[in-house]
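Report on one structure; see the data block that follows.
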Amino acid sequence: MKLWINGDWVPGARRVKLHNPYNGEVLAEVGYASVEQAELAIETAATAFESFRSVPAHKRSSILYQVADLLERRSDEAAHIIALEAAKPIQAAQAEIARTVQTYLFAAEAARGIRGETVPMDAAPRGEGRTAYMTREPVGVVSAITPFNFPFNLVAHKVGPAIAAGNTIVLKPAEQTPLSALFLAELFEEAGLPAGVLNIIPGEGKELGETLVSHPRVAFVTFTGSPDVGKQIRAMAGLRKVTLELGSNAPLIIDRGFTEMELAKIADEAAIGAFAYNGQACISVQRIVVHEELAEPFAKLMAERALALQTGDPLHEGTAITPLINEKAADRLKGWLQTAVERGAALHCGGEFKNNLMTPAVLTGVPEDAELSCEEAFGPVVAISSFTDWREAMEQANRSRYGLQAGVFTKDMEKALMAARELQAGGVLINDIPTFRLDHMPYGGLKDSGTGREGVRYAVEDMTEPKLVSFRSGFYEI
């Protein structure tokens, strides 16, 4: 596989074997970009921007509509790619493609909906005789760095809004999932996207990161990944605009007063939120804070659901749990789990490892300063604790350096309003798990969870700059 620069397939500076996380088989030899090729991609995008910025909104919208249609037609092929290179269960991969189609449709609609506003100049003294409006213009070259866990949809959340706004893009996909990104080149070419608007350069983040962030022709950086890398990007970006989505250890709070049937229904959703795609999602349910009256039965319900999940081949329809993305991730979780148990946590089920595959784990009594409580696990593990007072539950949820999304189940409106007001998160979902996301809603976090918002319309706003235009009348009158 080669790089995609200026509408052509370009050999990489070196070739790297891409392995299937499930069985270790070589999937492809991927061309990796050098720093010089990254610079070429950026310069290419900057040149393309000179003309693409003037492409009318209806044409940008039409291209995005066509990409959505082409992806839907090839959805089985695209899902198969995800299952192979990311070891995502095929049903989850199919669901991701369906969401990605929607994301490009939202982008197509957003391209036609970029609006400004009039400014009442005469609201201030000396403003008389002036008429003004504010418009929005594309920022220029967008540098996009994406993770492995949603290799189609998280790319769409960067590429779609960038094109909708009239920008050009240089995309560096995650090392483990370049095939999904390169697949898009075919779709955009067929849809009629001008050469140079989208450039895709697989490569190592450590090698290309500084160029992608600090090159003088880059106007905007959008990154999804770890807080440590996000802070480095922020430091290198200077005055450039950045959107950083940096993960979480999402809390779910469950109030008292639920029947046995209702609690089981909540457990069904919480198990999906905690264990879907091995918990490798930024808003995976990781910490569950349950009223003391329900904590013990809820832990039992979660363990039952964890034990019922089938492990195995991502391409098999019934598979729910597959290997973690690599050995490093498995070793990290194995160490964190061992530390939590050594410090007194009770392991109710799971936590067994076979190579990179981890069986879903449910724990109680995890110390708040243990990694499984205070860091992002990014694995199939959930820590359950209890509370007595509702304010105590808020405090437990907020004792985290992250603040992406939080979920709350309660029948008490006053408690729901308190949670909406007090929880320190970019999104508070009442009677829902924090893993819930629609692709048009604003999505982003506080604290170490990042800055800026995704959700197509909100990303388009970030990827445009406001410009004031003022007309003065009567100046030449005699």
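The values are calculated or read from the model by the stated rules, or taken from the named source; none is laboratory data. Worth saying up front: this structure is predicted, and the values here are computed from it rather than measured. All Cβ positions, even for glycine, are placed from backbone atoms using ideal geometry, and neighbour counts span all protein chains on display.
How many residues does the range 140-183 contain that are more than 17 Å from the chain's Cα centre (by Cα) and part of a strand (DSSP E or B)?
The qualifying residues number 4.
Just to check your reading of the model, which residue among G12, G31 is part of a strand (DSSP E or B) and surrounded by 19 or more Cβ atoms within 10 Å (Cβ to Cβ)?
G31
Scan the range 452-465 and tell me whether some residue there is assigned by TED's automatic domain parsing to the domain that holds Y277, modelled with pLDDT of 95 or more and out of contact with any strand residue (DSSP E or B) (no Cβ under 8 Å at 6 or more places or on another chain).
No, that holds for no residue.
Could you say whether any residue in the range 385-398 is crowded, with 22+ Cβ neighbours inside 10 Å, assigned to a loop (DSSP other than H, G, I, E, B) and either over 26 Å from the mean Cα position of the chain (by Cα) or in contact (Cβ under 8 Å) with a residue 40 or more places away in the chain (or both)?
no
Among the listed residues L315, L363, L324, L309, which satisfies the condition of being assigned to a loop (DSSP other than H, G, I, E, B) and in contact with a His (Cβ under 8 Å, 6 or more places away or on another chain)?
On the way: L363 fails: assigned to a loop (DSSP other than H, G, I, E, B); L324 fails: in contact with a His (Cβ under 8 Å, 6 or more places away or on another chain); L309 fails: in contact with a His (Cβ under 8 Å, 6 or more places away or on another chain).
The unique qualifying residue is L315.
Per-residue answers, yes or no, for (1) polar (S, T, N, Q); (2) within 25 Å of S51 (Cβ to Cβ):
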{"position": "A162", "(1), (2)": "no, yes"}
{"position": "Q176", "(1), (2)": "yes, no"}
{"position": "L182", "(1), (2)": "no, yes"}
{"position": "L187", "(1), (2)": "no, yes"}
{"position": "G192", "(1), (2)": "no, yes"}
{"position": "A195", "(1), (2)": "no, yes"}
{"position": "N199", "(1), (2)": "yes, yes"}
{"position": "P202", "(1), (2)": "no, no"}
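Just a yes or no: is a residue in the range 414-431 in contact with a Ser or Thr (Cβ under 7 Å, 6 or more places away or on another chain) and in a strand (DSSP E or B)?
no
When you go through (1) touching a helix residue (DSSP H, G or I) at 6+ places or on another chain (Cβ under 8 Å); (2) modelled with pLDDT of 95 or more; (3) under 19 Å from L446 (Cα atoms) one by one for G247, which number turns out not to apply?
(2)
Out of (1) closer than 23 Å to I254 by Cβ; (2) touching a His at 6+ places or on another chain (Cβ under 9 Å); (3) among the β-branched types (V, I, T), what's the single condition that is false for T435?
Failing condition for T435: (2).
In the set E72, E117, E109, E85, which member is more than 18 Å from L198 (Cα to Cα), in the same structural domain as G160 (by TED's automatic domain parsing), crowded, with 23+ Cβ neighbours inside 10 Å and among the charged types (D, E, K, R)?
E85
Can you report the number of residues in the range 278-297 which are surrounded by fewer than 24 Cβ atoms within 10 Å (Cβ to Cβ) and not in a strand (DSSP E or B)?
The total comes to 8.
Does A406 qualify as being part of a strand (DSSP E or B), closer than 21 Å to D255 by Cα and modelled with pLDDT of 95 or more? Break it down stepwise before answering.
Details: part of a strand (DSSP E or B): yes; closer than 21 Å to D255 by Cα: yes; modelled with pLDDT of 95 or more: yes.
Yes: the conditions hold for A406.
Name every residue in the range 426-444 that is in contact with a strand residue (DSSP E or B) (Cβ under 8 Å, 6 or more places away or on another chain), in contact (Cβ under 8 Å) with a residue 24 or more places away in the chain and either surrounded by 16 or more Cβ atoms within 10 Å (Cβ to Cβ) or farther than 23 Å from I272 by Cα (or both), in order of residue number.
G426, L429, D432, I433, P434, T435, R437, Y443, G444
Each row is one residue, and each column tells you yes or no for (1) among the charged types (D, E, K, R); (2) in a loop (DSSP other than H, G, I, E, B); (3) in contact with a strand residue (DSSP E or B) (Cβ under 7 Å, 6 or more places away or on another chain).
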site	(1), (2), (3)
P202	no, yes, yes
A235	no, no, no
L244	no, no, yes
M261	no, no, no
K265	yes, no, no
D268	yes, no, no
A271	no, no, no
A274	no, no, yes
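What do you reckon, is G335 assigned to a helix (DSSP H, G or I), among the small types (G, A, S) and without any contact (Cβ under 8 Å) to a residue 60 or more places away in the chain?
yes
For the range 39-61, which positions are part of a helix (DSSP H, G or I), out of contact with any Lys or Arg (no Cβ under 8 Å at 6 or more places or on another chain) and hydrophobic (A, V, I, L, M, F, W, C)?
Passing the criteria: L40, A41, A48, F49, F52.
Any idea which of (1) among the hydroxyl-bearing types (S, T, Y); (2) outside any helix (DSSP H, G or I); (3) surrounded by fewer than 17 Cβ atoms within 10 Å (Cβ to Cβ) is the one Y22 doesn't satisfy?
In the conditions (1) among the hydroxyl-bearing types (S, T, Y); (2) outside any helix (DSSP H, G or I); (3) surrounded by fewer than 17 Cβ atoms within 10 Å (Cβ to Cβ), Y22 misses (3) alone.
Restricting the first residue to the range 131-155 and requiring it to be of a type in the set (D, E), which pairs with a second residue that is surrounded by 20 or more Cβ atoms within 10 Å (Cβ to Cβ) and part of a strand (DSSP E or B) meet a Cβ separation below 8 Å and a spacing of at least six or different chains?
E137/T464
Those residues that are buried (at least 16 other Cβ atoms within 10 Å of the Cβ) and not in a strand (DSSP E or B), I need them from the range 123-139; list them, please.
Selection gives V139 alone.
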